[in-house]
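Trainee: I have a structure here, written as structure tokens, and I will follow up with some questions on it.
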Amino acid sequence: MEYKKIQGQDEEVYEALIGEERREREGLELIPSENYVSLAVREALGSVFTNKYSEGYPGKRYYGGQDYTDVVEQLAIDRACKLFNCKYANVQPLSGAPANVATYFALLEPGDTVLGMDLSHGGHLTHGHPVTEITKVFNFVRYKMKDVETGEIDYDEMLEVAKREKPKLILAGFSAYSRELDYEKFVAIGREVGALVMADIAHIAGLIAGGAAKNPFDAGFDLMTTTTHKTLRGPRGGMILVRESEEIIAKINKAIFPGLQGGPHMNNIAAKAVAFGEALTPSYRKYAGQILKNAKAMEEVFKREGVRMIGGGTSNHLILADVFGSLGVGGAEAEKVLDEVGITVNKNVIADDPRKPMDPSGIRFGAPAITTRRFEKEDAARVAELMIETMRNKDDAKKKEEIREEITTLALEKPVPEVFG
Ligand code: DSN
């Protein structure tokens, strides 16, 4: 994109935009929650829909002039329901965290208990980390992995905790967990203790939509929340999906508006509709499958080089590697040296990490964004080799310069396609 109008009007913002364009073009994005959207999605984001207030829902708004907002919101809802095989969707949440918070307020009373995955074992802040405001209102209890080396969840412990704590909601979902969950077990435990069962599929939404991961709705989950900008490759935003209960969607809709949000961001909803349209195409299914192949190719290199991975490897799009334990490089330093060669990852705590969150033992990385750039297994494996080489030679400036050159060449050879498909 050229940003001609901004260039003429605001040099400072223009410079930052151009810098980010260059960074994304010349480097490799491996943060597993990031991706590149199509130009069509960016057109919708920058469209006239940003001008419009439309509190309410299609056909029931509080302001006039809704002929076209109703069209795009309904398209987004219908396409979301088709993608995830469910009856209802609310596409207004501004992102994943507000979607989760709205769900708690919609379905729980203050003081009610939620059972979710421990943050240090892969869960998310909004699943009840003590630093979040929601813990002042709701009570969060935890389940963990039984075996950190295989990633197996301790379902016996989950049942025990569920029987003891009597949660109203059981939450399956994660932001740093690399294996598939046993959704049938979650549903069985939920039914046994009378809890609703919810999946936060933010990280794997695109894999589910593209048929490369199981859909929790097939196991009987009641509802799911997600972001739309990770593997799903849409604009930054959130969404709540309900399998079949009219009562649940009515409560969710009320919690989003007027409960917690005002006017929906209609430019964003238009962009969600465009992205969901892309995700319904056969080429998107191919993309989702390729993410898994590329992540597996990276896993093989890490295994071969003796770098420990939490869960022993990956069954999805992401890898959590214990770089401190295996290479003697802390997560913060690994993030920094990889940045120096043009590879972006994030430092991440590993299960029961003895180190601090700002300098943990691990890094988290994955394949969604490089797969959008049409990287194949061999390319992904080479990137993994270069990552390990960089960390092993973290103090060798010449070596890092050579690696940076190879990364830049790889990146320039595979630009983000203008049109997906
Ligand atoms: N920040 C997101 C991630 O990187 O996984 C989750 O909120």
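Throughout, read-outs are computed from the coordinates displayed, never taken from laboratory work. Bear in mind the structure is a predicted one, so any value in this text is a computation, not a measurement. In this analysis, Cβ positions are derived from the backbone assuming ideal geometry, glycine residues included, and neighbour counts consider all displayed protein chains.
Trainee: How about LYS399: which aspartates and glutamates have a C-alpha closer than 19 Å to its C-alpha, ignoring those fewer than 8 places off in the same chain?
Mentor: GLU26, GLU305, GLU333, GLU335, ASP339, GLU340, GLU385, GLU389
Trainee: Would you mind putting 351-359, 326-334, 85-93 in packing order, based on average other-beta-carbon counts within 10 Å, highest first?
Mentor: Peptide ranking by packing, descending: 85-93, 326-334, 351-359.
Trainee: Return the distance in nm (one decimal) between the two label points of a simple spin-label model at LYS87 and ARG355, each offset 7 Å from Cα along Cα→Cβ.
Mentor: 4.9
Trainee: Kindly write out, for segment 174-182 in residue order, the coupling ³J(HN,Hα) from the Karplus curve 6.51 cos²θ - 1.76 cosθ + 1.60 (θ = phi - 60°), rounded to whole Hz, with x marking Gly and Pro.
Mentor: The phi angles translate into 6, 10, 8, 9, 10, 10, 7, 8, 8 Hz.
Trainee: In deg cm²/dmol and to the nearest 500, what is the mean residue ellipticity at 222 nm of the chain if only DSSP H runs of at least 4 residues count, each as -39500 (n - 2.57), divided by the residue total? The partial results should precede the final answer.
Mentor: Numbers: 16 runs with 185 residues, N = 421.
Value at 222 nm, helices only, nearest 500: -13500 deg cm²/dmol.
Trainee: Please list the non-local residues whose amide H lies under 5 Å from the amide H of ASN346, H modeled 1.01 Å from N, same-chain partners needing a gap of 5 or more.
Mentor: Amide H neighbours of ASN346, under 5 Å, 5+ apart: ARG364.
Trainee: For TYR88, list long-range residues whose amide hydrogen, built 1.01 Å from N in the peptide plane, is under 5 Å from its own amide hydrogen.
Mentor: The answer is VAL242.
Trainee: Can you give me the long-range amide H partners of THR227? Hydrogens built in the peptide plane at 1.01 Å from N, cutoff under 5 Å, separation of 5 or more residues or another chain.
Mentor: Under 5 Å from the amide H of THR227: ALA202.
Trainee: For segment 370-379, take each phi angle, set θ = phi - 60°, evaluate the Karplus expression 6.51 cos²θ - 1.76 cosθ + 1.60, and give the result in whole Hz per residue in order, putting x for glycine and proline.
Mentor: 5, 5, 4, 7, 6, 5, 9, 3, 5, 5
Trainee: Which ³J(HN,Hα) values in Hz, rounded to whole numbers, follow from the phi angles of segment 414-419 under the Karplus curve 6.51 cos²θ - 1.76 cosθ + 1.60, where θ = phi - 60° and Gly and Pro get x?
Mentor: Rounded to whole hertz, the list is 10, x, 5, x, 6, 10.
Trainee: Between segment 182-208 and segment 311-357, what's the alpha-carbon centroid distance in Å?
Mentor: 27
Trainee: Order these peptides, 191-201, 62-72, by their mean beta-carbon neighbour count within 10 angstrom, highest first. Mind showing how you got there, number by number?
Mentor: Details: 191-201: 20.8, 62-72: 14.3.
Order by mean packing, descending: 191-201, 62-72.
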